[in-house]
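Right, one structure below, let's go through it.
The values are calculated or read from the model by the stated rules, or taken from the named source; none is laboratory data. Predicted model, so just to flag it, every value in this text is computed and none were measured. Every residue, glycine as well, gets a Cβ built from its backbone with ideal geometry; the counts of neighbours run over all protein chains shown. Protein only, heavy atoms only, side chains kept; ligands, DNA and RNA dropped before computing areas. Shrake-Rupley method; radii C 1.70, N 1.55, O 1.52, S 1.80 Å.
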Amino acid sequence: MARVAVITAPNIGYRNTGMLTVDLAFDSLRRRMATAVEPTWYTLHPPETVPLRPYIHPTDLPFRFRPLAPHLAELDDHDAVVFWGDFLHTRHYLAQDATNRLLDFGMAEDRDGARALLERTLLLADQPESLLSRTLSYGGTILHNTQSDYEDKQYGPLFTRLMTRSHRVWMRDPLSAAKLAHLRGDFTTPHFASDAALLNHPADLNRLPATEWSREMPDDGAIGVFLGARTEIPEWLPAFCRALSDRLGAPLAWLPWFDREIPADFGPVARRPGTPTAGDLLQSLSRYRLVITDTYHLCVNAWGAGTPVVCVGAPQPAPTTDDDYLTLSDLKKHVFHLAYDATDFYLSTRPDTPEAHERRAAGIVRLVTGGAADAVGARTRRHASASEAAFTGALTSLLTGTG
């Protein structure tokens with residue numbers, strides 16, 4: 001059986017449901033492969049670094065993570081190394097989120113120490129060319145990288161080495177794929193892949209334990225609402241949501257993607273009793289008439305489940321300080337919807353007239369009730385299927401020595 005080291009973004013406490021779906025997707029994919037794969041899971045700091053979300057039971061999940069830094073030498077014992085999803089290789093992630101977490105958890109004494117550790121673990125600074133030649137990356141993004149990042153004397157050469165010497169790299173958005181084509185000098189090989197979360201099939205998610213929360217979910221075609229976690233809610237948005245509810249004849253229901261309370265100004269948004277498991281949340285997505293959210297991976301998973309999404313995002317100014325975490329930027333949501341011709345469903349928070357909001361709500365309802373929204377979901381699933389075939393084909397040929 002082939003041994004594959006899988007390196008993912010840290011999801012402390014399994015607090016981020018979307019990142020959990022990304023990790024689950026690799027297990028789903030490897031189960032479908034003809035070549036048997038034994039994965040070893042690594043991340044910078046395992047979920048157990050902090051208390052887990054109450055509904056998460058590690059024995060229900062198909063992975064246990066090892067901290068990457070103390071086990072770095074183990075990578076060379078594997079037949080392939082796979083970086084799986086997220087911002088793992090972007091300069092801003094290394095300088096912001098990743099560095100700050102290492103300092104918070106006492107894994108580095110200062111920012112210079114954190115930077116050196118991240119260069120060794122996520123950019124494979126000290127690893128030989130032979131390891132890079134059997135390394136693949138899937139579903140990452142370098143959306144916010146710019147030329148000034150490559151001018152960084154430490155980051156630029158190490159990032160370029162990893163991107164150009166790795167066996168194959170696929171990015172989750174077309175802009176990152178274009179950037180990668182420039183870096184590799186390869187404009188014929190496809191570099192644009194789906195977000196990894198789209199590789200989960202319904203049968204994969206049904207393996208997760210569920211409760212009455214989803215099994216007894218009424219078939220009233222509710223509109224799932226999860227807002228306020230990523231984007232500031234404009235004052236007109238609650239009324240817009242109620243207008244969609246009235247037009248579709250569907251009640252608003254809180255979809256607790258993260259541990260977060262219903263915003264006070266949203267009025268009659270129902271919350272089902274009980275605490276849903278991850279299985280409940282994911283298995284219920286296909287049963288909503290519509291989802292309204294500001295959270296990237298809820299958008300991705302809902303579209304993948306065939307449920308239309310109204311994605312709320314703020315216009316994106318240039319970051320002004322190093323404290324502006326670009327991993328939380330709304331740009332990734334907008335680019336995702338642009339890539340799949342879904343901008344009819346992307347709702348900017350910028351002010352507009354009541355008449356404009358009325359027209360927008362009417363247009364969304366026409367697309368949902370007329371079946372046009374189904375084309376977007378189908379588009380994401382076709383792309384995911386093609387991306388999976390490309391990735392598993394490359395991984396299989398690497399493991400079997402046929403490519």
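Miscellaneous remarks
- Residues in the range 54-74 reached by a label modelled at Glu212 [backbone nitrogen below 20 Å; 7 Å Cα→Cβ]: 55-56
- Using all pairs of distinct alpha-carbon atoms, the Kirkwood hydrodynamic radius of the range 249-320 works out to 13.6 angstrom.
- Angle between the chain longest axis and helix 354-369 axis [Cα atoms, degrees, rounded to 10]: 70 degrees
- Computed from point charges on the beta carbon alone (+1 for Lys and Arg, -1 for Asp and Glu), the dipole magnitude for the chain about its Cα centre is near 960 Debye.
- Rounded, prolate or oblate (a/c below 1.5 giving rounded, otherwise prolate when a/b exceeds b/c) for the range 50-175 by Cα gyration tensor: rounded
- Between Val335 and His182, the modelled labels are 1.2 nm apart [label points 7 Å from Cα along Cα→Cβ].
- Local charge for Ala9 was computed over the other residues whose Cβ lies under 14 Å away, with Lys and Arg +1 and Asp and Glu -1, and equals 0.
- Other residues lying with their Cβ under 15 Å from the Cβ of Asp352 contribute a combined charge of 0, Lys and Arg counting +1, Asp and Glu -1.
- Percent carbon-and-sulfur accessible area, the range 1-143, ignoring ligands, DNA and RNA, probe 1.4 Å: 47 percent
- Among Gly13, Tyr346, Tyr93 the positive-end extreme of the charge dipole of the chain (Cβ point charges): Tyr346
- ³J(HN,Hα) computed for each position of the range 294-306 - Karplus, 6.51 cos²θ - 1.76 cosθ + 1.60, integer Hz, glycine/proline x: 10, 10, 3, 6, 5, 4, 4, 5, 5, 4, x, 7, x
- Area projected by the alpha carbon convex hull of the chain, averaged over all directions, nm²: 19.5 nm²
- Residues of the range 204-234 with an amide N closer than 20 Å to a point placed 7 Å from the Cα of Met1 along the Cα-to-Cβ direction: 204, 207-208.
- Global form of the range 17-104, assessed from the alpha-carbon gyration tensor, a/c cut-off 1.5: oblate
- Dividing the convex hull volume of the alpha-carbon atoms in the range 192-306 by its residue count gives 116 Å³ per residue.
- Take the chain with all the other protein chains still there, run a 1.4 Å probe, and you get 41 Å² of accessible area per residue.
- In a simple Cβ point-charge model (Lys, Arg +1; Asp, Glu -1; nothing else charged), the range 226-355 has a dipole of about 600 debye relative to its Cα centre.
- Here the simple spin-label model places points 7 Å from the Cα toward Cβ, and for Arg64 and Asp374 these points are separated by 4.5 nm.
- Principal-axis tilt of helix 111-121 within the chain, Cα atoms, nearest 10 degrees: 80 degrees
- Taking all protein chains together, Ser245, Ser385 sort by accessible area into Ser385, Ser245, largest first [probe 1.4 Å].
- With the highest mean first, a sort of the peptides 35-43, 302-310 on other beta-carbon atoms found within 10 angstrom per residue produces 302-310, 35-43.
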